[in-house]
Amino acid sequence: MNMRNVFSVVLLVALFAVTVSAAYTPPLPGSFPDSGFSITQLTQQPDRIYPGDHVQLKFSIKNTASAATNVRALVLVPFLSEQQSYVLGDMAVGQESSVLAGFEVPNTTKAGDYTIFVYVIDQRGNRNQVGEMTLIVNEPSLANALFATVTSTEDLYSGGTAEIDMVVKNIGVLPAEDVVAQVQFSSGSSIYALASDRVYVSEIAPGGNATVHFTIGASSSAVAGYYPLSIQLTYKVDKAEQPKVNQSVSLRVLSKASVLITSDRSTATSGASAGLLVTIANTGDTAIRSVYASAASKDFSFVGASDKFIGTLNLDDSATLSLNLIPLNGANGERTVQVSVTYKDPLNIERTQVETITVDGTGASLNGTFGTSASQRFGRTSQQFTILGLDPWLLAGIIIVAIGAFFGYKWVKRREK
């Protein structure tokens, strides 16, 4: 025997040892004492059998009665048309001989329990049944034993990223092994996976689940809307690859919708009321619709309307809300007006922003305007008539004094002459 053949034999022995060590040990079949033999050390590979599998049954036959010569074992498999025969040779009492029976389970085999019969034939041709083995053939496919659901998602904005949590659940009766959850995107998609687009889970127990995380990005050109997110699950059961599970969920992409509320407190009004001009500007990156502004205050009453329907504000557009205010009796200290603006973004999600405007205080505020002359302007000192920048009464006094001084000087000169 050359070295190549020796190496082949050693390799086969090593592979067989690994195979046997990983084999499943089913319960021993019931004994038939009248046969004079019994079955021991039964192992089966694979542990779960499906149509199309190659099965190996390894067991030992032990002589429990008297010495026998030219012993043969017969194995009857229901999938085979012919019985399998194995030569055991001469067997003394208590001696054991190994049998390795291999066969294929046809792809057309239906799931269920099948019986394998084992017989022994001695030198006189006596045929005695040694035992019966039960072979369980399982369903050929375990497809859709896994399914995924997206349980939590951060808000994903155009040009931004978000973390999503996905739960993969095993609804089968066996562990799912080598599970890979993958998110898939079409070419040119506005959304994409950052870092890895797949997550590996070694095993998910029957009825159990595993949570996987993905980081998803949206391009700056992505318009607000709902985008399909394809999920593919691959896994094995009993080391056998199962059909892929494909799902699709909807991922929402938002636009940055916001408004800026500012005010101008120096608008002219008449009477005892004062004007407040509120400006609402679209500072987001998308148009907003159904814009509605309203004002409320516990310190002021409003002359005329205190709200306004603006409609649509495109990018960088603005609109104004003009308010006429009258202070309420007993409203002391800082006086405020709350301006509320509601609007809808491109996904028809209603948003609200509130700004509190202080309209009381010192200087150019409303504090010095209420209850003053009707000619006074809101936020400014009143403008009076002047001559050369001087008050008319002051100027008249100066003129009278000057005239008196002139005539007094003339009178004194006349007396001296």
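If you project the alpha carbons of segment 185-313 onto the principal axes, what extent comes out on each, in Å, largest first?
Computed over the Cα atoms, the extents are 89, 34, 22 Å.
Can you list the HN-Hα couplings for segment 147-157, worked out from phi with the Karplus curve (6.51, -1.76, 1.60; θ = phi - 60°), rounded to whole Hz and with x for Gly and Pro?
8, 10, 9, 8, 9, 8, 9, 6, 5, 10, 9
Pop out the ³J(HN,Hα) list for segment 173-179 in order, Karplus 6.51 cos²θ - 1.76 cosθ + 1.60 with θ = phi - 60°, rounded to Hz; leave Gly and Pro as x.
Values per residue, Gly and Pro as x: 9, 10, x, 9, 10, 6, 7 Hz.
So what's the net charge close to Gln56: Lys and Arg +1, Asp and Glu -1, counting the other residues with Cβ under 14 Å from its Cβ?
-1
Enumerate the whole-percent occupancy of each 10 Å bin, from 0 to the last occupied one, for all C-alpha pair distances of segment 21-137.
Values per bin, smallest distances first: 14, 47, 29, 10, 0.
Round to the nearest 0.05 the FRET efficiency obtained for Ala396 and Ser294 when R0 = 51 Å and r is the Cβ-Cβ distance.
0.45
If R₀ is 56 angstrom, what is the calculated FRET efficiency for the pair Val173 and Asp285, using the beta carbon separation as r and rounding to 0.05?
After rounding, the FRET efficiency stands at 0.65.
Return the long-range amide H neighbours of Leu88 (sequence gap of 5 or more, or a different chain), with a cut-off of under 5 Å between placed amide H atoms.
Amide H neighbours of Leu88, under 5 Å, 5+ apart: Val71, Arg72, Ala73.
Can you give the relative contact order of segment 111-239 as a percent, counting alpha carbon pairs under 8 Å and 6+ residues apart?
Averaging sequence separation for qualifying contacts and normalising by length gives 26 percent for segment 111-239.
Subtracting the Cα-Cα distance from 0.36 nm times the residue separation, let me have the gained length for Ser66 to Gln232 in nm, one decimal.
53.5 nm
Ala205 to Glu154: extension gain in nm, 0.36 nm per residue of separation minus the Cα-Cα distance?
15.5 nm
In nm, to one decimal, how far is the Gln84 label point from the Tyr24 one, both placed 7 Å along Cα→Cβ?
1.7
Put a dot 7 Å past each Cα toward the Cβ at Asp307 and His213; how far apart are the dots in nm?
Calculated label separation equals 4.4 nm.
What's the FRET efficiency of Ser189 with Asp47 using the Cβ-Cβ distance as r and R₀ = 45 Å, to the nearest 0.05?
That pair, Ser189 with Asp47, gives E of 0.55.
Residue by residue, what Karplus-based ³J(HN,Hα) values in Hz, rounded to whole numbers, does segment 215-224 have, using 6.51, -1.76 and 1.60 with θ = phi - 60° and x for Gly and Pro?
9, 10, x, 10, 5, 5, 8, 5, 7, 4
By the scheme Lys and Arg +1, Asp and Glu -1, what is the net charge of all other residues having a beta-carbon under 13 Å from that of Arg252?
-3
Starting from 0.36 nm per residue, how many nanometres of slack lie between Ser258 and Lys244 once their C-alpha separation is accounted for?
0.7 nm
Throughout, read-outs are computed from the coordinates displayed, never taken from laboratory work. Just so it is clear, the structure is predicted and the values come from calculations on it, not from any experiment. Neighbour counts run over all protein chains shown; Cβ positions are idealised from the backbone, glycine included.
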